[in-house]
Amino acid sequence: MDLQTMTYLVVGLTFALYIGIAIWAKAGSTQEFYVAGGGVHPVANGMATAADWMSAASFLSMAGLIAFMGYDGAVYLMGWTGGYVLLALCLAPYLRKFGKFTVPDFIGDRYYSQTARTVAVICAIFVCFTYVAGQMRGVGVVFSRFLEVDITTGVIIGMGIVFFYAVLGGMKGITYTQVAQFIVLITAYLVPAVFISIMLTGHTFPQLGFGAELTGSPGVTVLDKLDGLTTELGFSQYTDGSKSTIDVFFITAALMVGTAGLPHVIVRFFTVPKVSDARISAGWALAFIALLYTTAPAVASFARLNMIDTINGSDGQGTLYAERPDWIKNWEQTGLISFSGATESQEASGAAGAAMAEQGVMFYSGDERNNMKVDRDIMVLANPEIANLPNWVIALVAAGGIAAALSTSAGLLLVISTSVSHDLLKRNLMPDITDRQELTYARVAAAVAICVAGYLGINPPGFVAQVVAFAFGLAASSFFPAIIMGIFSKKMNKEGAIAGMIVGITFTAGYILAYKGVFFEPLIANKPENWLFGISPEGIGTLGMVLNFAVAFAVSKVTAETPQEVQELVESIRFPKGSGEATHH
Amino acid sequence: MAFESNEQAKAYWRENIRLMLSLLAVWFVVSYGFGILLVDVLNAVHLGGFKLGFWFAQQGAIYVFVALIFVYVFKMNALDKKYNVHEE
């Protein structure tokens with residue numbers, strides 16, 4: 001069977017599965033719509049959380065990023081997993097005991113303030129839209145490469161599927177669909193990794209193969225070979241990286257803390273029946289996430305090695321463009337890989353590269369010999385092709401990429417619709433609506449959010465990639481400190497929390513805007529020499545968080561004490577006994 | 001009040017905080033310590049085909065994170081029982 005038919009078949013089967021689950025799990029009340037009735041088993045919830053968390057970026061882009069960054073890729077590996085420790089130990093059980101639907105609910109009630117609630121709603125909606133636009137784009141890219149439809153059609157098909165199960169099923173539909181999507185995406189990630197690991201090193205587990213000797217050259221390990229190649233080719237050494245220690249430290253911290261403050265992650269812990277389930281489901285979630293995250297650096301190193309080998313040849317002298325393998329031909333059409341001898345627009349890095357290009361020889365390096373342009377986003381998708389794996393594996397990877405993008409979009413869209421129907425309408429503007437009306441508004445809001453997300457996916461604003469730093473930075477510098485102080489400090493009052501959030505967000509957003517521009521030209525060139533203490537905009541959320549804490553404590557010292565009933569509320573969330581289902585007010 | 005006395009409530013919270021902080025200390029040491037601040041020192045040591053610092057940054061820290069959550073769950077469930085504040 002050819003690749004095209006195979007891909008349609010595999011992707012079609014997974015779609016049928018998702019829709020089947022959506023029909024089975026239709027939501028009948030707001031409680032089911034928002035938190036799946038609070039009755040999801042912790043292992044299932046862990047899988048759903050993992051699928052929700054692992055987006056198109058984790059699935060498609062992360063290994064590619066690490067392949068090019070080497071050691072520095074650890075900021076993503078540790079940053080996007082370590083946050084779950086904070087969630088499990090410091091947030092999830094207490095928020096579950098609090099027993100409401102959303103993060104703005106907690107902020108609003110704990111800080112007895114509509115202003116705080118409104119600030120939280122706006123942050124939540126902004127963070128989610130930033131994210132979801134990228135996901136829809138991911139769906140579009142996968143469709144356009146593997147199903148040979150254009151990106152717009154791809155995005156519309158994706159929107160249709162998400163619309164069906166998110167609007168119909170709410171959190172209940174989403175949770176059970178995500179369980180299926182987790183299984184699809186993790187299989188799709190592991191199968192090619194295991195294949196390639198066996199081919200290169202003879203080890204079944206990529207986590208071990210990554211540190212093992214190459215079967216082709218006994219005595220030389222994968223990482224030794226890569227270190228040798230990267231140094232020789234003028235890149236920074238693979239296991240060393242090029243970022244400064246302080247920057248690695250701050251970026252890792254911003255991603256960890258940001259993870260623990262992201263509303264679509266936190267809301268997952270409202271869907272389990274008990275406080276103890278919230279703790280354990282964070283553990284399951286991280287265990288499932290770790291499956292992919294410990295495989296990714298192995299995939300990264302194999303991919304980098306395979307790619308250098310195919311382009312430069314086993315003798316390291318370059319290979320003929322005329323005899324290039326099929327995967328280069330396929331990806332050339334997307335513009336994500338190109339050879340300067342074949343395109344007029346692209347110049348080689350230096351004279352040596354240009355001379356080789358004249359003779360039709362491809363060479364990939366970090367110095368003047370280079371004459372290839374390789375986009376890091378293709379590494380995961382092209383990896384099975386580079387390694388000549390069978391068609392069904394490639395089809396599976398396509399289905400996995402789509403599953404990753406769909407599961408994350410659905411979770412985000414739900415948070416957006418909940419923020420609108422519950423936090424904004426029910427708790428702010430129209431407190432008298434019935435449960436049934438609120439459910440209708442939630443569905444309408446989800447539908448509108450999908451259309452906006454689809455539009456952003458088809459017409460991506462140029463700044464999508466840049467605003468990802470924004471999402472984590474804002475979550476780290478606003479939600480995280482406010483929630484932590486709300487739980488662990490009874491003395492923290494509304495003045496302190498609001499002042500902290502405003503200072504944290506303003507500082508972080510200001511710093512990112514100054515260096516990245518986003519809506520306008522950057523005010524200051526984004527170079528290490530110009531950064532405050534050598535911290536890049538990606539890591540500045542950590543400093544924003546520290547400022548938030550400092551300002552909040554200072555302000556709370558000189559303003560009115562927290563009311564007695566709020567202090568009692570804090571007392572009551574600190575132990576599990578008496579937790580009901582997540583409820584109304 | 002679910003606790004028998006105020007002292008009980010305070011003692012439960014103190015034990016909870018102590019457990020949380022000691023686990024967070026491990027969390028900090030394996031990631032920020034071994035994986036980032038001490039990475040060059042540890043890279044002098046090899047673990048199979050890995051430099052040890054590199055291994056902590058890209059593999060080891062993640063395994064420890066998973067283990068930490070399960071230890072926390074186990075210990076907290078025991079603590080809830082000890083103070084009789086567990087769920088039915």
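Could you please rank A:His203, B:His46, placing first whichever residue has the fewest other Cβ atoms within 10 Å of its Cβ?
Going from least to most buried by this count: B:His46, A:His203.
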Whole-number value, in Å³ per residue, for the convex hull of the alpha carbons of the protein assembly as shown is 153 Å³
Quick one: length gained pulling A:Tyr8 to A:Asp375 fully straight, 0.36 nm per residue minus the C-alpha distance? 129.6 nm
For the range B:6-82, take N as its residue count and report Rg(C-alpha) divided by 2.2 N^0.38 Å. 1.42
Give, in nm to one decimal, the length gained when the segment between A:Lys329 and A:Asn428 is fully stretched (0.36 nm per residue of separation minus the Cα-Cα distance). 30.0 nm
For the range A:312-424, what is Rg from Cα atoms divided by 2.2 N^0.38 Å, rounded to two decimals? 1.51
How long, wide and thick is the range A:206-294, going by the Cα atoms along their three principal axes, in whole angstroms, largest first? 54, 32, 16
Alpha-carbon centroid distance for the pair the range A:416-444 / the range A:108-138, whole angstrom: 15 Å
Percent relative contact order for chain A, counting Cα pairs under 8 Å at least six residues apart, stands at 28 percent
Can you give the charge dipole size of the protein assembly as shown about its Cα centre, rounded to the nearest 20 debye, using +1 on the beta carbon of Lys and Arg and -1 on the beta carbon of Asp and Glu? 1980 debye
Send over the semi-axes of the range A:90-170's equivalent ellipsoid, whole angstrom and largest first, taken as the square roots of 5 times the C-alpha gyration tensor eigenvalues. 36, 14, 11
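With each run of n ≥ 4 DSSP H residues scored as -39500 (n - 2.57), what mean residue ellipticity at 222 nm is computed for chain A after dividing by its residue count and rounding to the nearest 500 deg cm²/dmol?
On the way: 24 runs with 385 residues, N = 585.
Counting only the DSSP helices, I get -22000 deg cm²/dmol.
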Looking at this model, which pairs from A:Lys426/A:Lys577; A:Lys172/B:Lys75; B:Lys10/B:Lys81; A:Lys516/B:Lys51; B:Lys10/B:Lys75 are more than 26 angstrom apart at the alpha-carbon? A:Lys426/A:Lys577; A:Lys172/B:Lys75; A:Lys516/B:Lys51
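For peptide B:76-88, compute the average count of partner chain beta-carbon atoms within 10 Å of each residue's beta-carbon.
Details: counts 8, 4, 0, 2, 5, 0, 0, 2, 2, 6, 6, 12, 4.
Per-residue shielding by partner chains comes out at 4.
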P(r) tail fraction, the range A:394-516 - alpha-carbon pairs more than 22 Å apart, %: 58 percent
In which sequence would A:Lys172, A:Lys243, A:Lys426 go, from the one with the fewest C-beta neighbours within 10 Å to the one with the most? A:Lys243, A:Lys426, A:Lys172
Please identify the GluC sites (Glu not before Pro) of the range A:248-357 that satisfy two criteria: DSSP loop assignment and at most 11 other Cβ atoms within 10 Å. Which are they? A:Glu344
Inter-part distance where the range A:66-93 and the range B:1-55 are each reduced to a Cα centre, Å: 14 Å
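Where a number appears in this text, it was derived from the coordinates with a stated rule and is not lab data. Remember, predicted model here, so these are calculated numbers, not experimental data. Note that each Cβ is placed from the backbone with ideal geometry, even for glycine, and that neighbours are counted across all protein chains shown.
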